[in-house]
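The values are calculated or read from the model by the stated rules, or taken from the named source; none is laboratory data. The structure displayed is predicted, hence computed values, not measured ones. Quick reminder, even Gly has a Cβ in these numbers, built from the backbone with ideal geometry, and neighbours come from all protein chains shown.
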């Protein structure tokens with residue numbers, strides 16, 4: 001036991017959890033903790049320019065590293081500015097630890113200056129949240145927060161830290177571990193695995209559908225091994241991209257609203273669908289009545305809430321994806337030699353060839369497909385591609401070939417415009433040796449472009465590739481397709497000049513108007529030694545196609 | 001839609017009711033009755049009644065089980081459980097006939113008169129939700145100035 005202030009205790013507790021970086025922005029109610037950070041050597045604090053940026057950066061950091069990202073703010077508006085980022089992390093099951101100051105306990109509930117009821121605000125958008133009442137509680141709360149954020153299905157945890165708790169002194173001890181009542185069920189049920197193996201052996205057209213849960217579980221090797229063993233093609237959700245190298249002969253890419261056509265057809269034709277760490281989101285399934293209509297469904301998920309929530313499931317397997325897949329692989333090994341589904345594989349191969357998307361456009365203005373092709377040509381397999389939200393995101397998701405897990409970072413469930421740039425800052429901090437690109441739209445980038453200052457001041461050299469069409473492009477696309485072209489409130493005009501904007505922050509900026517310039521300029525941006533913005537002028541009339549209209553059937557795509 | 005009963009054992013900490021009840025709000029399910037008591041262990045037991053189909057009831061059970069402060073969710077079959085509600089009834093000033101009528105019905109239903117002053121009284125009743133409804137109806141709802149109900153407390157009939 002050592003007597004220390006609550007502020008010191010929280011920093012010590014974070015260090016005990018191995019925290020190396022905090023993304024944050026101080027204010028009155030958190031100054032005591034920042035005063036401790038002033039002398040701190042082991043933790044690097046990265047000062048953001050808006051608290052939302054801190055939450056997204058911590059989220060991006062967590063997704064790349066597979067470990068919690070930490071963000072810190074003051075009370076009231078500081079804390080409430082975190083909410084979009086925290087909700088984003090919650091929807092995508094990302095372990096973010098958010099710490100915000102709070103007014104002193106004696107002022108709670110009196111509408112004190114910069115008081116917000118963050119316990120209530122954060123409650124529905126976190127996996128769990130705490131308000132600390134006494135300094136001596138801090139080490140246990142921090143330990144629990146990390147335990148909750150990372151165990152079973154990951155998710156964000158918020159800690160509300162009143163000012164008097166930071167200032168107060170207590171005898172504290174950093175516990176080695178805490179008793180967390182929720183013991184996750186990691187091992188799959190033997191009987192369910194046996195049933196799954198039986199179905200997989202009988203299947204003539206098996207298909208694996210892997211998502212973010214498979215990535216968090218580290219089940220990449222198992223997904224590939226099982227696919228090869230069964231001769232089963234693999235489709236992924238947006239968050240599952242990279243679980244299998246997407247140029248693998250069995251990879252069909254992303255499914256869903258803007259998925260690859262081959263992926264959507266395979267889902268419709270398969271007779272067995274093995275879902276791994278997916279939640280059968282409506283953007284992935286389309287009309288659930290026509291989702292995998294010929295298939296029996298096996299669903300592996302660590303969160304029992306997900307089983308049967310959106311689609312009917314024939315064999316539910318609650319447990320860790322990696323362990324469940326390993327158990328299935330072992331079970332299959334004990335079976336007599338199974339015939340490879342050669343007709344199905346021929347069909348898959350044919351679709352892969354015939355339905356491969358076209359990217360080699362030479363037009364000016366540049367087609368976005370060509371931009372993705374050029375970016376792919378420049379980056380290596382370890383580069384991290386982060387996306388904003390909207391058309392730019394769906395072009396990246398549809399066309400970009402990801403070869404490793406945790407190398408494609410995107411806002412899935414919440415679809416948060418403004419996520420990409422701060423998340424790419426977090427990604428670069430998590431992996432300084434990786435090239436990090438934010439594939440952005442002009443609309444999305446503007447939502448958090450103030451973080452250029454963060455990137456420049458901290459030498460976080462990410463490259464923003466703006467697919468600039470001067471529109472809120474995805475909304476425009478829907479208006480064009482479903483609202484008789486009535487483009488209401490989607491034209492963004494000719495401001496700003498993104499090159500000048502970058503330069504104003506001391507970043508590198510350049511404009512690209514011709515396809516042949518993309519690769520050389522991108523190489524220059526990556527080597528310029530500064531954060532960079534590449535303003536790529538694209539064809540504003542281009543839609544993201546093919547597309548399954550909202551609530552439509554996967555096999556009926558607009559082309 | 002069927003009547004569902006959950007008996008939820010959870011940590012006795014501020015906010016736990018909100019965590020549980022928002023699972024229902026989010027899915028547009030109305031909670032018919034909710035009661036909380038502290039067990040001898042110091043843990044809290046929340047008893048909830050609501051209407052839902054099988055799919056929704058199971059989803060809610062899993063959602064509530066997932067909450068950090070929740071230790072256990074017991075699904076209770078209304079058919080094999082004991083359900084009781086306590087009600088305190090305060091009358092307006094009554095004439096003699098009304099007074100006798102109230103006393104008669106309360107005593108017939110196994111209740112008792114707790115207070116009486118002037119021509120008004122306070123009575124206590126316990127029983128099933130339906131039994132209590134029946135007594136109130138027999139006496140006539142216009143007699144009462146205030147009705148305080150405990151909500152339904154439920155325990156399964158199973159004994160070890």
Problem set entry | Single match in B:127, B:111 (criterion: touching a strand residue (DSSP E or B) at 6+ places or on another chain (Cβ under 6 Å) and surrounded by 13 or more Cβ atoms within 10 Å (Cβ to Cβ)) | B:111
For this session: Inspect the range B:76-84 for any residue being modelled with pLDDT of 95 or more, over 30 Å from residue A:126 (Cβ atoms), out of contact with any helix residue (DSSP H, G or I) (no Cβ under 7 Å at 6 or more places or on another chain) and assigned to a strand (DSSP E or B) and give the result as yes or no.
Result: no
Problem set entry | Selection within the range A:28-58 - more than 27 Å from residue A:92 (Cβ to Cβ) and either not in a helix (DSSP H, G or I) or not assigned by TED's automatic domain parsing to the domain that holds residue A:74 (or both) | A:38, A:39, A:40, A:41, A:42
Problem set entry | Residue that is on the phi < 0 side of the Ramachandran plot and surrounded by fewer than 22 Cβ atoms within 10 Å (Cβ to Cβ), where the choices are A:462, A:490, A:436 | A:490
Problem set entry | Residue that is surrounded by the most Cβ atoms within 10 Å (Cβ to Cβ), among those in the range A:296-323 that are more than 14 Å from chain B (Cβ to nearest Cβ) and closer than 25 Å to residue A:268 by Cβ | A:300
Exercise. Do we find that residue B:143 is over 27 Å from residue B:46 (Cβ atoms) and without any contact (Cβ under 8 Å) to a residue 40 or more places away in the chain in this structure?
Worked result: no
Exercise. So residue A:144 clears everything in (1) surrounded by fewer than 19 Cβ atoms within 10 Å (Cβ to Cβ); (2) over 30 Å from residue A:330 (Cα atoms); (3) touching a strand residue (DSSP E or B) at 6+ places or on another chain (Cβ under 9 Å) except one condition, right? Which one?
Worked result: (1)
Seminar exercise, completed: residue B:155 passes all but one of the listed conditions (1) touching a strand residue (DSSP E or B) at 6+ places or on another chain (Cβ under 6 Å); (2) surrounded by 12 or more Cβ atoms within 10 Å (Cβ to Cβ); (3) free of Cβ contacts under 8 Å to residues at least 60 places away in the same chain; the exception is number (3)
For this session: Considering each of A:199, A:207 in turn, give the residue that is assigned to a strand (DSSP E or B) and either surrounded by fewer than 23 Cβ atoms within 10 Å (Cβ to Cβ) or under 29 Å from the mean Cα position of the chain (by Cα) (or both).
Result: A:207
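Every residue, every condition in (1) in the same structural domain as residue B:137 (by TED's automatic domain parsing); (2) under 15 Å from the mean Cα position of the chain (by Cα); (3) not in a helix (DSSP H, G or I), yes or no:
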position: B:9; (1), (2), (3): no, no, yes
position: B:24; (1), (2), (3): no, no, no
position: B:28; (1), (2), (3): no, no, yes
position: B:37; (1), (2), (3): no, yes, yes
position: B:93; (1), (2), (3): yes, no, yes
Problem set entry | the range A:455-479: number of residues that are in contact with a helix residue (DSSP H, G or I) (Cβ under 6 Å, 6 or more places away or on another chain) and in a helix (DSSP H, G or I) | 3
Exercise. Does any residue of the range A:351-368 turn out to be within 23 Å of residue A:531 (Cα to Cα) and either in contact with a helix residue (DSSP H, G or I) (Cβ under 8 Å, 6 or more places away or on another chain) or free of Cβ contacts under 8 Å to residues at least 12 places away in the same chain (or both)?
Worked result: yes
Seminar exercise, completed: Scanning the range B:22-35 residue by residue, the ones that are surrounded by 15 or more Cβ atoms within 10 Å (Cβ to Cβ) and within 11 Å of chain A (Cβ to nearest Cβ) total 2
Problem set entry | Candidate set: the range B:54-78, residues that are within 13 Å of chain A (Cβ to nearest Cβ) and more than 19 Å from residue A:306 (Cβ to Cβ); chosen: the one surrounded by the most Cβ atoms within 10 Å (Cβ to Cβ) | B:69
Exercise. Restricting the search to the range A:165-186, which residues are assigned to a loop (DSSP other than H, G, I, E, B) and at pLDDT 95 or above?
Worked result: A:168
Seminar exercise, completed: The one condition residue A:288 fails out of (1) within 14 Å of chain B (Cβ to nearest Cβ); (2) farther than 27 Å from residue A:558 by Cβ; (3) surrounded by fewer than 24 Cβ atoms within 10 Å (Cβ to Cβ) is (2)
Exercise. Can you name the condition, by its number, that residue B:104 falls short on among (1) within 14 Å of chain A (Cβ to nearest Cβ); (2) surrounded by fewer than 17 Cβ atoms within 10 Å (Cβ to Cβ)?
Worked result: (1)
Exercise. Given the structure, is residue A:129 within 12 Å of another protein chain (Cβ to nearest Cβ) and touching a helix residue (DSSP H, G or I) at 6+ places or on another chain (Cβ under 8 Å)?
Worked result: yes
Problem set entry | Out of A:58, A:13, sole residue that is in contact with a strand residue (DSSP E or B) (Cβ under 6 Å, 6 or more places away or on another chain) and buried (at least 21 other Cβ atoms within 10 Å of the Cβ) | A:58
Exercise. Does residue A:215 meet the test of being buried (at least 19 other Cβ atoms within 10 Å of the Cβ), over 30 Å from residue A:30 (Cβ atoms) and touching a residue at least 40 places away in the same chain (Cβ under 8 Å)?
Worked result: yes
Exercise. Which members of the range A:132-159 meet the condition of being in a loop (DSSP other than H, G, I, E, B), more than 10 Å from chain B (Cβ to nearest Cβ) and closer than 20 Å to residue A:7 by Cβ?
Worked result: A:132, A:134
Exercise. Restricting attention to the range B:11-21, which residues are away from every other protein chain (no Cβ under 11 Å) and more than 19 Å from the chain's Cα centre (by Cα)?
Worked result: B:12
Problem set entry | Whichever residue in the range A:163-180 is within 14 Å of chain B (Cβ to nearest Cβ) and surrounded by 13 or more Cβ atoms within 10 Å (Cβ to Cβ) and, among such residues, is farthest from residue A:12 (Cα to Cα) | A:180
Problem set entry | residue B:46 modelled with pLDDT of 95 or more, closer than 27 Å to residue B:149 by Cα and within 14 Å of chain A (Cβ to nearest Cβ) | no
